[in-house]
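Values quoted throughout were computed directly from the atomic coordinates according to the rules given, and no laboratory measurement underlies them. In this text, all values refer to a predicted model and were calculated from it rather than measured experimentally.
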Amino acid sequence: MKPMLVRSAETKPTYVFEGIARRTLSWGEKVMVIQNTFSPGAGVPQHAHIHEQISYVVEGSLVVIMEGTTYTLNAGDSLLMPSNLRHSASAPISAVVIEAFAPPREDFK
């Protein structure tokens, strides 16, 4: 595998959910990193996937509901979401969130 340099400003955002701009930053054979920018009130509905996921809030605030427990993340906080656990996320205020997935999500490439 060769090194991969990605400049966020040169990537085009994808809008899968209203008010959320996703930029796929880089991925390898075992891990992927993306950036989600949430508008206030934007959210991702409840879902589950095989990937382990870590969310790190760079700016703002993110509320994650996972298996009935609510986690409020503020700038500097991170949360591990194990494989196959149902979860949702919403941003009460604007937020920038870096997320890592292992293995990489084919649907985000």
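Here are the numbers for this structure:
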| item | result |
| --- | --- |
| Estimated vicinal HN-Hα couplings, Hz - the range 57-73 in sequence order (Karplus 6.51, -1.76, 1.60; Gly, Pro = x) | 8, 7, 9, x, 8, 9, 10, 10, 10, 10, 6, x, 9, 9, 10, 9, 10 |
| Residues with amide H under 5 Å from that of ALA75, placed H, sequence gap 5 or more | GLY60 |
| The range 80-86 - phi-based ³J(HN,Hα) in whole Hz, Karplus 6.51/-1.76/1.60, Gly and Pro as x | 8, 10, x, 4, 6, 8, 5 |
| Compactness of the chain, expressed as Rg and Dmax over alpha-carbon positions, Å | 13.3, 41 |
